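Coordinate-derived values only; no laboratory data. Every value quoted in this text rests on a predicted model; they were computed, and no experiment measured them. Cβ sites come from the backbone with ideal geometry, for glycine too, and all protein chains shown count toward neighbours.
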Amino acid sequence: MIYRLPLACTCFVATVIRAVYASRQVKFDVRTSFSENYVTTRIIPVDVFDLVVFGATGDLSQRKLIPALFHRDEQGQLPPEARIIGTSRRAMSDAEFRAFAKDALEKFVEEKSRTDELMERFLGRLSYVSAEATLDDGWLKLEQVLGQHPERIRVFYLAVGPDLFGPICDRLGTHKLVTPQSRVVVEKPVGKSGASADALNDEIGKVFPEPAIYRIDHYLGKETVQNLMALRFANALFEPLWNGMHIDHVQITVAETLGVETRAGYYDTSGALRDMVQNHMLQLLCLVAMEPPSAMDADAVRDEKLKVLKSLKPITAADIEHSVVRGQYRGGPSNNGQLKSYLEDLGNPDSRTETFVALKAEINSWRWANVPFYLRTGKRLAERVSEIVVEFKPIPYNVFQATAGSLKPNRLLIRLQPDEGVELFLSIKEPGPGGLRFKHVPLDMSFAEAFAGRQPEAYERLLTDVVRGNQTLFMRRDEVAAAWRYIDPILEAWRDSSEPPKPYQSGSWGPTAAISLIERDQRTWYEPHVE
Ligand code: BG6
């Protein structure tokens, strides 16, 4: 039995009490009491801006940036004068770029949003300048286009490989395109190690001051990730319990069913540790573990996240075998035949790049002493699911008879995707006669149900935050450096090890060693269908 409670987090305390009380009844549904009076969105238009997307004809632009901007336009958040200027080395006319964007919208935006009027308005904002990052070609044209409105907010979005960050920033500087109102957005990965991240940050920093640099980690723009902060800091219920006295451990899983697809070239130089753990997963860990910031402003939040990163217990070469598992997918059955292995997808039989990582992270602090954070991420796993599980300690003493069955500890599940929402698992008496029997049931806050309509994509929020000049959800330079300080020794230990990544079958939950990693501590990975 599931008690569904789609609701705003701020109503959480009252709801828990009502739900526990109501659990004595067979059916309980408070959906209507929340959905009627809840305002789902507040649209505040941003200031007029010119956005220049470098790498405008690439995958990120097609799948994420163009659709995200379209949706913000649909919601009335882009002022009529705002312009989007696509740039890449490809020669293209404005009309061809608009056709490219139209095609992207047809693929990645639902038909019902694409009215003729809106399509025309959005595509009318687009123009194109062909420019070579490392040559002078095209830059004068960009100067001309931007020079038409020198006073506007300018956003330079570098949707290109990190090797082009330096050359592009350099050209932006020499062509005097960087005004006091300018910002630069860089995609992860920022570097491949602490040293290369430093070098990259230095290059960007020669042209843009730190308050104008927006290092994107799109996980921070996900609705549920932001809700994690709301859950913790807008409710009195959790904070007193949010420590090692009451929490047994935390699990963070980001599992994907897809393999490396068309990105094998990039991925093989990265691997799951750099691609997912150094940024997305450590950022999630920070949001769970950080102290309450003094205010919801960029530096206050980032100062607290930095403290967590600095408190991570280093994983040394000696601990690596016990604390980290790396895996690489093999083939496996699928609905339409046999899936290829990573090595086949890549076309290189010798690669030792990991497509899976599980690790046990520990935080040296009073709050988190003896509370392990188990992280796992991988490609070609059994399900596409991203979630954070906070498992509370068992009750100190069971007053019920053994016949009632064993009591499971309370568990808070924060699901990022799919079906974004939060579930709090409680033990209740199974309704009906026949003695006491317990059931572990979730109080379920499904955001999709609570807030009718489309859930905004992470990039929508993040792009408008850049225009507004709000850096709260972007990584500061010192955070990136601290994350690398944790990751670098693991990469070095792997490099020096003769042991290859452990194989796992496509469609499984990773190598068996990942199960041993947690079971060694008498714990198990949370499996949604086993509850
Ligand atoms: C990206 C990684 O940052 O995140 C990809 O480079 C990964 O390898 C992706 O697939 C996952 O993002 P999401 O939002 O689909 O979970």
Next on the checklist: Could you derive backbone 3J(HN,Hα) for segment 194-206 from the dihedral phi with the Karplus parameters 6.51, -1.76 and 1.60 (θ = phi - 60°), listing whole Hz in sequence and x where the residue is Gly or Pro?
Outcome noted: x, 5, 6, 5, 4, 4, 5, 5, 5, 4, 5, x, 5
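Based on Cβ point charges of +1 for Lys and Arg and -1 for Asp and Glu, what charge dipole magnitude is obtained for segment 110-243 about its Cα centre, in debye rounded to the nearest 20? Kindly include the intermediate steps, with their values, before the conclusion.
Numbers: 16 positive and 20 negative charges, 53 e Å.
In total the dipole reaches around 260 debye.
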Checklist entry - Between Glu492 and Ser113, what is the label-to-label distance in nm when each label sits 7 Å out along the Cα-to-Cβ direction? => result 4.5
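Would you calculate a helix-derived [θ] at 222 nm for the chain, using -39,500 (n - 2.57) for each DSSP H run of n ≥ 4 and dividing by the full residue count, to the nearest 500?
Numbers: 18 runs with 169 residues, N = 531.
Calculated mean residue ellipticity at 222 nm is -9000 deg cm²/dmol.
How much length would be gained if the chain were fully extended between Phe233 and Lys176, taking 0.36 nm per residue of separation minus their Cα-Cα distance, in nm to one decimal? Show your work: numbers first, answer last.
Numbers: separation 57, 0.36 × 57 = 20.52 nm, distance 4.28 nm.
Stretched out fully, the Phe233 to Lys176 stretch lengthens by 16.2 nm.
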Checklist entry - Which Cα, out of Trp366, Thr257, Ala236, lies furthest along the positive dipole direction of segment 235-383 (beta carbon charges, K/R +1, D/E -1)? => result Thr257
Item to check | Gain in span if fully extended, Ala318 to Asn370, counting 0.36 nm per residue against the direct Cα distance | outcome: 16.8 nm
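Using r as the Cβ-Cβ distance of Asn398 and Ala300, and R0 as 45 Å, what FRET efficiency do you calculate, to the nearest 0.05?
Working: r = 42 Å, r/R0 = 0.94.
Efficiency at R0 = 45 Å is approximately 0.60.
Which shape class applies to the chain: rounded if a/c is under 1.5, otherwise prolate when a/b exceeds b/c and oblate if not, where a ≥ b ≥ c are the square roots of the Cα gyration tensor eigenvalues?
Prolate is the answer for the chain, as a/c is 1.5 or above and a/b outweighs b/c.
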Next on the checklist: Could you order the peptides 275-285, 168-178 from most to least packed, using the average number of other C-beta atoms within 10 Å per residue?
Outcome noted: 275-285, 168-178
Item to check | Residues with amide H under 5 Å from that of Val178, placed H, sequence gap 5 or more | outcome: none
Item to check | Lys/Arg +1, Asp/Glu -1 at C-beta; the chain dipole; positive extreme among Gln522, Pro394, Ser88 | outcome: Pro394
Item to check | Karplus (6.51, -1.76, 1.60) ³J(HN,Hα), θ = phi - 60°, over segment 84-97, in Hz, Gly and Pro reported as x | outcome: 10, 10, x, 9, 6, 6, 5, 6, 7, 8, 4, 5, 5, 5
Checklist outcome for this item: Scoring the chain by relative contact order with C-alpha pairs under 8 Å, at least six apart, yields a percentage of 19
Checklist entry - Taking 0.36 nm per intervening residue step and subtracting the Cα-Cα distance, what contour gain separates Thr512 from Ala91 on full extension? => result 146.6 nm
